[in-house]
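What follows is a short report on a single structure.
We did not get these values from a lab; they are worked out from the coordinates using the rules stated. What you see is a predicted model; the values in this text were computed from it and never measured. All Cβ positions, even for glycine, are placed from backbone atoms using ideal geometry, and neighbour counts span all protein chains on display.
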Amino acid sequence: MIRMLMLALALPVSASSWAAPRRDAVLLREFVYQQAPYPQSHASTIVQTRNGALAAAWFGGTHERSPDVEIWFARRDAKGWETPRSVANGIQPDGTRLPTWNPVLFQDPAGPLHLYYKLGPSPQSWWGMVVTSPDGGRSWSKPQRLPEGMLGPIKNKPVVLRSGAWLAPSSTENGSTWEWKLHFERSEDSGRSWTQTAPVPVDPEARFDAIQPSILFLPGGKLEAIARSRQGVLVAAQSADEGKSWGKLFAVDLPNPNSGTDAVTLKDGRQLIVYNHAAQQPDTPGKGRRYPLNIAISRDGVHWRPALTLETEPLPEGYAYPAVIQSADGLVHITYTWNRQRIRHVVVDPARLAG
């Protein structure tokens with residue numbers, strides 16, 4: 001553990017040292033909306049629907065954990081983003097309300113659009129919910145609770161495996177000590193039923209508390225999960241059996257200020273991650289600063305190189321919880337929280353990225 005904490009402190013965290021010279025890689029930078037009927041928004045997700053349109057979702061309300069927090073959704077057409085609308089809330093049968101959390105959009109390759117989200121008073125006691133849309137987000141089904149014990153994708157998108165199974169990256173934040181663990185939820189029948197893996201093992205000599213993984217495809221049929229940790233670094237684990245079992249967590253060469261990330265395997269085989277290139281002091285349990293916001297590129301998912309700096313200006317709430325996809329035309333689309341006030345959308349040409 002001491003060696004890993006020293007690694008976290010030794011990692012370069014200067015924005016200038018990781019600034020990318022290829023700013024022409026950014027093709028579009030916009031806000032999904034300019035005004036909203038709530039003061040705060042967070043935890044966006046983005047997807048390309050079966051008809052090619054982009055769609056995004058996030059939670060918005062008075063503040064995180066507030067009972068009035070709902071899931072908001074917007075589609076983007078040739079004219080830009082449509083006016084966002086609420087598609088899920090925490091109103092209970094008796095009229096009381098609970099906050100909603102961390103929406104995740106997922107497009108069934110042969111079926112409806114899925115929107116997974118969490119419902120409950122806190123991350124320690126929430127549960128998984130899902131709504132589906134047969135028409136790319138124009139209309140939605142009634143909310144359904146996921147099977148007992150299933151949380152669904154906790155922040156980042158599921159993937160479709162070579163076998164056709166769906167694999168959802170998930171995690172728990174349980175116990176009075178805020179114990180964090182990664183696990184995965186698998187469906188062999190397009191989301192109608194799910195099974196859960198055992199927690200990803202942790203080396204007792206280099207213990208990591210990790211949540212919110214993303215799934216990458218490595219050469220040779222292996223998978224990698226890369227995740228946020230409380231130890232000042234991003235951590236990863238690998239699987240050789242389509243995510244049924246996982247090796248122990250290990251540190252990769254990127255810092256992490258205890259903030260969410262997202263990653264995607266590009267069509268050319270490179271791995272791309274969006275994250276805050278800033279370290280958290282190992283003796284400070286709270287969150288570190290959430291700026292700058294960066295893109296890094298890797299071939300093996302372990303050794304990463306700078307590719308682009310998306311944001312550098314210090315803001316009180318920074319730039320957080322990115323989501324990333326590669327659309328059918330090869331472009332990379334990223335959404336993220338901008339100062340807890342709005343959701344920003346950036347389009348990047350990966351062929352122009354450094355690294």
Q. In what order do D203, D94, D241 fall by count of nearby beta-carbon atoms within 10 Å, going from fewest to most?
A. D94, D241, D203
Q) Could you state the number of Å between the C-alpha centres of segment 149-163 and segment 296-329? A) 21 Å
Q: Can you list which of the chymotrypsin sites (Phe, Trp or Tyr not before Pro) found in segment 162-202 are DSSP loop residues with at most 16 other C-beta atoms within 10 Å?
A: W178
Q.
How would R29, R228 line up from fewest to most surrounding beta-carbon atoms within 10 angstrom?
A. R29, R228
Q: Over all alpha-carbon pairs of the chain, lay out the pair-distance distribution in 20 Å bins, whole %, shortest bin first.
A: 32, 62, 5
Q: Choose one of F208, T335, W194: the residue whose Cα lies farthest towards the positive end of the charge dipole of the chain (beta-carbon charges +1 Lys, Arg; -1 Asp, Glu; about the Cα centre).
A: T335
Q) Among T172, T83, T45, which comes first, then next, by fewest other beta-carbon atoms within 10 Å? A) T83, T172, T45
**Q.** Of L310, A88, V233, farthest towards positive along the dipole that unit charges on Lys, Arg, Asp, Glu beta carbons give the chain
**A.** L310
Q: Please give every one of the lysines within straight-line cross-link reach of K155, meaning a C-alpha to C-alpha distance under 24 Å, and leave out same-chain neighbours fewer than 8 residues apart.
A: K118, K142, K181, K222, K244, K248, K267, K287
**Q.** Cβ charges +1 (Lys, Arg) and -1 (Asp, Glu), total dipole of the chain, debye
**A.** 400 debye
Q | Normalised convex hull volume, segment 231-335, alpha-carbon set, Å³ per residue | A | 117 Å³
Q: Determine the gain in length on full extension of the stretch D189-D203; use 0.36 nm per residue of separation and subtract their C-alpha separation, reporting nm with one decimal.
A: 1.7 nm
Q: Write down the Kirkwood hydrodynamic radius of segment 39-145, to one decimal in angstroms, obtained as one divided by the mean of 1/r over all alpha carbon pairs.
A: 13.9 Å
Q.
What does the C-alpha gyration tensor say about the overall shape of segment 159-242? Classify as rounded when a/c is under 1.5, otherwise prolate if a/b is larger than b/c, or oblate.
A. oblate
Q: Report the calculated FRET efficiency for D300 and F31 (r = Cβ-Cβ distance, R0 = 35 Å), to the nearest 0.05.
A: 0.50
Q) For segment 46-62, in order, what is each residue's ³J(HN,Hα) by Karplus, 6.51 cos²θ - 1.76 cosθ + 1.60 with θ = phi - 60°, in whole Hz (x at glycine and Pro)? A) 9, 8, 9, 7, 5, 8, x, 6, 8, 9, 9, 9, 6, 10, x, x, 4
Q: For R230, enumerate residues with amide H under 5 Å from its amide H, sequence gap 5+ or separate chain, H modeled in the peptide plane.
A: D209
